[in-house]
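See below for the structure under consideration.
Derivation of every value follows stated rules applied to the coordinates shown; laboratory data play no part. Because the structure is a prediction, the values reported are computed rather than measured. Don't worry about glycine lacking a Cβ; one is built from the backbone with ideal geometry, like all the others, and counts go over all protein chains shown.
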Amino acid sequence: MPQGTTPASHRGRAPDLSGQPLLDVRGVTIQYKTQAHLVTATYRVSFKVLQGDRFVVVGPSGCGKSTLLKAVGGYLAPTEGEIRLKGEVVTKPGPDRIMVFQEFDQLLPWMTVLENVMFPLKTTGTLKGKAAVERAMHYIEKVKLTEFANSYPHMLSGGMKQRVAIARGMAMEPDILLMDEPFAALDALTRTRMQDELLALWDEIRFTVLFVTHSIPEAIKLGSRILLLSPHPGQVKAEINSVPRGQENSNEAAALGREIHDMLFADQIEGAPNVANAIAGH
Ligand SMILES: Nc1ncnc2c1ncn2[C@@H]1O[C@H](COP(=O)(O)OP(=O)(O)OP(=O)(O)O)[C@@H](O)[C@H]1O
Ligand SMILES: [Mg+2]
């Protein structure tokens, strides 16, 4: 085990033994082989996501959050451990897991909003014709973009493009929505609004989401459960429950924020203060 890390501590909700978890990540180590090096991105990471969880992974830059999400998506294979979705080992990408990325350019620029949202429905053979249009329009309405259905991506703001990407993901009605810092490139006001909209959507649809962020306030606001990863290589530091919905500005949330910060940086290596600064803010 690499030095400078503490064993994972667990508190909060007891494991649900009545049913299997929707997503079960067990002892997952992921390495990248480059010509010169073998980079260990995550080391023996384990967690379980239950149906309807808003499960947030938080950790400093480079700790392997995106790597983990890509592995859940089936784009990367673990070198050790396994990832199961509904009991089945994940070996490749599938329409049951849809990713939403940080970048604003994840839409196809030559397609309208409606065409973009319909695209995966059609290419995966999930729906076609009128049924695809109806499904797409339903989710476009959910993200409040009905009047922009026939607009092209270049006519939209960054926040609007992210809402299209979310609608596109949700229209597939995946078992789990994988979101990799989807709001990180937005201005603070838009980011807050998008967080509120995501929570409102969750209230309505109760989808399961695995959300990656390096922002502690965002993790507390959005998450029902929060997984803390240590700096590179990412190891589980703790898995905790967040504060109740709508309590993100409470004293309890502030105390939880400090607790998370202290846990994440308990083993901070001297000479790397920029990592702490990067994670403390939005
Ligand atoms: N394709 C790759 N080839 C080699 N190393 C990689 C590759 N992608 C990521 N890494 C390395 O794996 C580690 C984890 O990277 P990852 O992108 O998963 O981190 P992250 O937690 O998402 O960081 P950030 O918060 O900056 O997005 C880093 O050390 C990174 O340099
Ligand atoms: Mg990342």
With 0.36 nm assigned to each residue of separation and the Cα-Cα distance removed, LYS144 to THR126 gains 4.1 nm
Placing +1 on each Lys and Arg Cβ and -1 on each Asp and Glu Cβ in the range 68-176, then taking the dipole about the Cα centre, the residue among ILE140, LEU76, GLN162 whose Cα reaches farthest towards the positive end is ILE140
Here the net charge surrounding ALA136, from other residues whose Cβ is less than 15 Å away from its Cβ (Lys, Arg +1; Asp, Glu -1), is +3
Excluding residues fewer than 8 positions from LYS92 in its own chain, the aspartates and glutamates with Cα under 13 Å of it are GLU82
Any aspartates and glutamates whose Cα falls less than 13 Å from that of LYS130, other than same-chain ones fewer than 8 residues away, would be GLU115
Taking Cα atoms, the helix 113-123 axis meets the longest principal axis of the chain at an angle in degrees (rounded to 10) of 80 degrees
Here the relative contact order (percent) of the chain, from C-alpha pairs under 8 Å and at least 6 apart, is 26 percent
If every Lys and Arg gets +1 and every Asp and Glu gets -1 at its Cβ, then about the Cα centre the chain yields a dipole, in debye to the nearest 20, of 520 debye
The base-10 log of I(q)/I(0) that the Debye equation returns for the range 41-161 at q = 0.15 Å⁻¹, one scatterer per C-alpha, is -0.87
Cβ-Cβ cut-off under 9 Å around LEU229, Lys and Arg +1, Asp and Glu -1: the net charge is +2
Given Cβ charges of +1 for Lys and Arg and -1 for Asp and Glu, the option among ILE260, PRO93, THR112 whose Cα lies farthest towards the positive end of the dipole of the chain is PRO93
In terms of the charge dipole of the chain, which places +1 on Lys and Arg and -1 on Asp and Glu at the beta carbon, the residue among LEU227, GLY19, GLY62 farthest towards the positive end is GLY19
A chain fully extended from MET263 to TYR75 at 0.36 nm per residue, minus the present Cα-Cα distance, gains in nm 64.7 nm
Normalised Cα Rg of the chain, dividing by 2.2 N^0.38 Å with N its residue count, works out at 1.00
So the angle from the long Cα axis of helix 158-171 to the longest Cα principal axis of the chain, reported in degrees to the nearest 10, equals 80 degrees
Toy charge model, Lys and Arg Cβ at +1, Asp and Glu Cβ at -1: the range 96-236 dipole around Cα centroid in debye, rounded to 20, equals 200 debye
With 0.36 nm assigned to each residue of separation and the Cα-Cα distance removed, SER250 to ASP203 gains 14.9 nm
Packing-ranked peptide list from 246-253, 70-77, 135-142, highest mean Cβ count within 10 angstrom first, is 135-142, 70-77, 246-253
For the chain, the longest principal axis of the Cα atoms and the Cα long axis of helix 129-142 enclose an angle in degrees, to the nearest 10, of 60 degrees
